[in-house]
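Reviewing the structure listed below.
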Amino acid sequence: MTKTYKSVRGTYDFSPAEANLFNELAEGARKIFHLFGYEEIILPLIEEEGVFVRSVGETTDIVEKQIFRIIKRSEEDTSIVLRPEGTAQVVRYYLENSIYKQRSLSKFFYIGPMFRGERPQRGRLRQFNHFGAEAIGSKSIYLDAEIILLAMKILEAIGISQVKLNINTLGCQSDKEKFQQLLREELAREKSRLCDDCKRRLEKNSLRILDCKEEQCKKIANNFCVRDINDRFYLCADCKKDFNDLMSILKNSGLKPDYNPCLVRGLDYYTNTVFEITSGYLGSQDALGAGGRYNNLIKNLGGPEIPAIGFALGVERIILALNKKGKITPQTAFVALTGEKLINEAYLILQLLRNANISADMDFCAKSLKGQFRYAERKEASYVVIIADDEYKEGYVLLKNMETGEQEKIKKEELISTLRGYIADGEGAA
Ligand SMILES: [Zn+2]
Ligand SMILES: [Zn+2]
């Protein structure tokens with residue numbers, strides 16, 4: 001027996017109906033991105049590894065455990081990886097093209113797959129799609145509000161209800177460092193109770209303990225997330241004020257942001273605002289999307305000091321939350337023939353229909369008329385054009401309306417205009 005293959009673990013095949021759903025969601029998202037003034041870019045799936053190591057962070061799960069390396073073709077090749085996320089890559093594009101020299105504010109969005117080599121488990125994929133946005137060039141908290149409203153608006157437009165917005169501020173770089181220092185000192189006393197990963201994180205990057213998946217670690221670290229923002233002494237006055245102002249803007253915009261002082265998100269480049277959006281349909285572990293400010297990332301990747309903020313929504317999780325299957329694209333017409341010797345005539349009619357921009361198909365497998373009708377039904381054809389021997393010789397075809405079951409005999413030359421009339425009527429009624 002020849003070996004047969006299965007899809008790689010942690011990947012997902014989109015069937016025709018699911019592909020349609022994906023495109024429908026992407027179109028819905030695109031409309032909202034444009035509504036907010038964001039421009040689409042399409043970037044490669046592969047990048048130099050350093051782009052992510054120097055931005056996402058060396059001690060993050062993404063870089064430590066999940067990155068997919070591409071086998072080097074030669075010794076001169078730099079280390080190339082499949083992109084695990086979009087933000088660092090957009091910044092690479094932004095810097096490589098010196099876009100900051102052309103304009104002060106740039107707003108981009110992207111739609112496409114990301115790759116993370118996690119141990120595949122339920123709901124976690126190794127290839128998944130993101131709808132992402134990045135606004136680069138301003139530290140205005142109104143831009144923070146815009147990014148959050150944009151993410152929420154996309155979910156709403158796509159049909160997701162019951163979403164929850166969790167939000168926090170990490171403070172500016174110096175605030176963040178103070179908090180990391182505090183965590184390091186306080187958690188050192190609990191070191192023996194932390195998991196092995198967190199024991200390492202304690203020295204290298206204590207903030208990452210807050211996104212450890214182990215309940216025990218989370219519990220210990222969460223004790224240091226002070227509920228009242230005014231009691232978070234390590235935050236400077238400016239950062240406190242910005243966060244309080246942002247909360248007011250969001251509330252005045254009709255959102256109900258939920259302040260969560262433990263929220264850090266697993267990426268090193270975040271500063272100030274971080275947020276995540278969860279759905280009642282999925283477990284609290286699985287956010288529909290998340291984002292935040294990254295005011296130091298551009299500098300860390302070799303550019304000038306330029307503030308920025310962005311987010312990404314997980315498309316597969318959106319589909320899970322929607323609990324929708326998608327529909328196939330219905331065919332307008334289907335050409336059926338009563339006998340194999342009419343294949344030439346049927347094929348001519350098929351081309352006639354397609355040339356008239358009427359979507360049409362036929363069966364290429366010499367099935368019985370009944371078999372051809374079954375296929376027409378699967379293709380959800382609205383009309384079947386039947387090529388029958390006697391009628392065709394007299395210059396007629398039969399046209400069957402698949403919804404009503406009515407069948408009529410019409411002149412060959414009138415087939416296109418008749419169908420066009422029906423389609424127009426159908427559209428009018430819809
Ligand atoms: Zn600050
Ligand atoms: Zn841990």
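The values are calculated or read from the model by the stated rules, or taken from the named source; none is laboratory data. As the structure is a prediction and not an experimental result, all values here were calculated from the model. Heads up, the Cβs are rebuilt from the backbone with ideal geometry, glycines too, and the neighbour counts pull from every protein chain shown. Surface areas here come from the heavy atoms of the whole protein model, side chains and all, with no ligands, DNA or RNA. Shrake-Rupley method; radii C 1.70, N 1.55, O 1.52, S 1.80 Å.
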* Structure fact -> Nearest-0.05 FRET efficiency for ARG119 and ILE343 at R0 = 60 Å, using Cβ-Cβ distance, is 0.65
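Rounded to the nearest 5, what % of the DSSP beta bridges within the range 333-429 are antiparallel ones?
The answer is about 55 percent antiparallel.
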* **Restraint check, LYS256/LYS324; LYS164/LYS251; LYS107/LYS139; LYS191/LYS219; LYS31/LYS324, Cα-Cα greater than 18 Å** => LYS256/LYS324; LYS31/LYS324
* To do: Taking the Cα centre of the chain as origin, work out the dipole magnitude from +1 charges on Lys and Arg Cβ and -1 charges on Asp and Glu Cβ, in debye rounded to 20.
  => 1240
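Efficiency by 1/(1 + (r/R0)^6): what FRET value for LYS251 and GLU186, r their Cβ-Cβ distance, R0 = 41 Å, to the nearest 0.05?
The computed FRET efficiency comes out at 0.80.
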* Distance from the range 178-256 to the range 78-156 (C-alpha centre basis), Å -> 24
* Short version: what are the Cα gyration tensor semi-axes of the range 295-360, square root of 5 times each eigenvalue, largest first, in whole Å? -> 55, 19, 9
* Asked: Reachable aspartates and glutamates from LYS101, Cα under 20 Å, same-chain residues fewer than 8 places away excluded?
  -> GLU39, GLU40, GLU134, GLU305
* To do: Compute, for ASP228, the solvent-accessible surface of its heavy atoms (probe 1.4 Å) with the complete set of protein chains present, and express it in square angstrom to the nearest 10.
  => 70
* Hydrodynamic radius by Kirkwood, which averages 1/r over all alpha carbon pairs of the range 333-429, in angstrom -> 13.3
* Output ³J(HN,Hα) for the range 338-343: one whole-Hz value per residue in order, computed from phi by the Karplus curve 6.51 cos²θ - 1.76 cosθ + 1.60 with θ = phi - 60°, and x for Gly and Pro. => 7, x, 4, 6, 8, 4
* **Percent of beta bridges antiparallel (DSSP, the range 289-384, rounded to nearest 5)** => 50
* Asked: What size of dipole, in debye to the nearest 20, comes out for the range 333-429 about its Cα centre when the only charges are +1 on Lys and Arg C-beta atoms and -1 on Asp and Glu C-beta atoms?
  -> 280
* Of CYS239, ASN205, VAL163, which is farthest on the positive side of the dipole of the chain, counting Cα position, with +1 on Lys and Arg Cβ, -1 on Asp and Glu Cβ, and the Cα centre as origin? -> ASN205
* Asked: When the chain is modelled as a GNM with alpha-carbon springs shorter than 10 Å, which of GLU413, GLU58, GLU203 fluctuates the most?
  -> GLU413
* **Nearest-ten-degree value, helix 415-429 long axis tilted from longest Cα axis of the chain** => 40
* List the lysines whose Cα lies under 16 Å from the Cα of LYS213, skipping any in the same chain that are fewer than 8 positions away. => LYS65, LYS199
* **Estimated D of the range 1-120 in µm² per second, where Rh is the Kirkwood radius over Cα pairs and Stokes-Einstein applies at 37 °C, 0.692 mPa s** => 193
* To do: Kindly state, to the nearest 0.05, the FRET efficiency for LYS139 paired with LYS393, given R0 = 60 Å and r defined as their beta-carbon distance.
  => 0.15
* Asked: When the gyration tensor of the chain is built from Cα positions, what are the square roots of 5 times its three eigenvalues, in whole Å, from largest to smallest?
  -> 55, 24, 21
* Structure fact -> Taking placed amide H atoms and a strict 5 Å upper bound, the residues 5 or more places from MET114 or on another chain that come that close are PHE128, ASN129, HIS130
* Which listed residue (GLY426, GLY339, ASN355) has the Cα farthest towards the positive end of the charge dipole for the range 333-429, taking +1 on Lys and Arg C-beta and -1 on Asp and Glu C-beta about the Cα centre? -> GLY339
* **Set of aspartates and glutamates near LYS341 by C-alpha distance (under 12 Å), chain-local residues within fewer than 8 positions excluded** => ASP389
